1. For chain A, modelled as a Gaussian network with Cα springs under 10 Å, which listed residue fluctuates most, A:178, A:272, A:115?
2. Work the Kirkwood hydrodynamic radius out for segment B:2-129: mean of 1/r over every pair of different alpha-carbon atoms, inverted, in Å.
3. Per-residue mean of other chain beta-carbon atoms within 10 angstrom of the beta-carbon, peptide B:115-122?
4. Output ³J(HN,Hα) for segment A:204-221: one whole-Hz value per residue in order, computed from phi by the Karplus curve 6.51 cos²θ - 1.76 cosθ + 1.60 with θ = phi - 60°, and x for Gly and Pro.
5. Return the FRET efficiency for the residue pair residue B:21, residue A:47: r is the Cβ-Cβ distance, R0 is 56 Å, and the value is rounded to the nearest 0.05.
6. If you take each beta carbon of peptide B:74-82 and count the beta carbons of other chains within 10 angstrom, what is the mean?
7. For chain A, what is the mean residue ellipticity at 222 nm derived from helices alone (per DSSP H run of n ≥ 4: -39500 (n - 2.57); sum divided by total residues; nearest 500 deg cm²/dmol)?
8. Return the subset of B:26/B:91; A:120/A:211; A:142/A:362; A:362/B:91; B:32/B:57 for which the Cα-Cα distance in this structure is over 30 Å, preserving the input order.
Amino acid sequence: MAAVSVHQFAQCITCHAWSPDHTMVALCPNNNEVHIYRYSLDKWEKIHVLQKHDQIVSGIDWSSMSNRIVTVSHDRNSYVWNQEASEWVPTLVILRLNRAALCVQWSPKENKFAVGSGAKTVCICYYEQENNWWVSKLIRKKHNSSVTGVAWHPNNILLATTSTDGKCRVFSTFIKGVDPRGSGTSVSSDSKFGEQIVQLDLSFSWAFGVKWSPSGNTLAYVGHNSMIYFVDDVGPSPLAQNVAIRDLPLRDVLFVSERVVIGVGFDCNPMVFAADETGIWSFVRFLDERKISSSTSKYGSQFSEAFGKLYGQTKQGFWNDAIEPSRPRGGVHENCINCILPLKKAGDAIVKRFSTSGLDGKVVIWDLENQTDISSYL
Amino acid sequence: MVEQEELVEADSPEAIIIAIENKSRKIDTLLKQSKPVEALKTALEGSPPKIKDERCKSASWIVVHRAMMGIKDVDGLFSSLEPEYYDILMKYLYRGLATGDRPTCDQFLRIHEKLTEKAGLGCILRYLADTVNII
């Protein structure tokens, strides 16, 4: 089995985050609290309850180097939690939002974090030493609807967002005095704060779960119309691929390597996508079953119309496989999975283990170690 | 230059109507030759989702409807219909079901059942989610 550990923490989990050494997990049990559990003596033990928010906590991120937790909530506030002695001490971050905060992520250098919100804005927050205060700078323009996902490029400057207006956008978040000059790539170093680098107009419905590949060369996000999008050469002339999914839409994705992506969502079962030698992405299989499709689907990956014609000739594929009209529940997850996180040791190039949480209240740890067919793509 | 002019003309509603009329004749021929699947493919091909003009949409719908009503062997249809047609076929299926016309609904429900087996729920979701490219 690919799932190596399953634990029921609550009725429902909105989001979770791991401590730097992966011994503790912080999660929101669908209320205004954040619970921190530690794994010791073969069982999970609740060691802290972070109570400060008034409404559902919609995003948690635990920084790996500085060991700080940032939480955002529908109450429009954000807190940065620092561990002092055995207690977690909150610092309020004034986001200046008039709608719920929906998602949060620390930047790779952990000197900034980004918050997506229902107010059609993204907040970039950074620490001001003089005032001992986290300052929020808003990207007000461009988004026509709620921001459902934020993802930092490895260069600490570029930020990708997805929104319920169907678009995926990439912004520069260069902040004078926080980011050293010329720290970004050639694209971003001469961009001002909040400048839009590119807008990807691939989806006609809500977009979710944007992520960068480890190198930052590829971007993946999903649409609520059962599509997943892969974008190379993010910049003035991006190269996009759309892959249509046979089943229910996805909510979040994770790059385990440059060429393998795990998608999770309403099908309650992680899906594996991989790129072949020529860089064409396709669906490989579900992770939670040992069924291996005879050949990967060629339908949907549409580089251009010319490619589409080629794919049309492929008679084999999972479309023709034995059909299961409705897969019985009884997989590891029993409800929509809305969060997927890597469990990567420092220095590892490839994510071998990752965790998922969802509306069924479980946190599941998956291991790709013995999945030989997937390893061949890594 | 000539090519460009043709492109511009091809986008006008009148030009599209003419193209659809041509397509309609081709489909009639194919139906007479008992090639219903070929007829359906012809009907679905280049059916213009981005066209805003309602007359063009209706004209296109009438052609597709005739081709779909010509399908007798639904299993046979899916053994020779390529997956690239699935999404557009699903859109026309729902348009047909929305008419409430008894013979149309009988036929379209039969096709809908097989298409859902083949193309999965994702195909239905792509129809439901797409509020821009309405046929």
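Every number here is computed from the coordinates shown, using simple stated rules; none is lab data. In this text the structure is predicted, and so the values were computed from the model without any measurement. Quick reminder, even Gly has a Cβ in these numbers, built from the backbone with ideal geometry, and neighbours come from all protein chains shown.
1. Residue with maximal mean-square fluctuation among A:178, A:272, A:115: A:178.
2. 15.3
3. Across B:115-122, the average partner-chain Cβ count within 10 Å equals 6.
4. Going residue by residue, I get 9, 9, 3, 10, 9, x, 7, 8, 9, 6, x, 7, x, 7, 10, 10, 10, 8 Hz, with x marking Gly and Pro.
5. With R0 = 56 Å, the Cβ-Cβ based efficiency is 0.15.
6. Per residue, the average neighbour count from other chains is 2.
7. Taken over chain A, the calculation gives -1000 deg cm²/dmol.
8. Cα-Cα > 30 Å for A:142/A:362; A:362/B:91; rest within.
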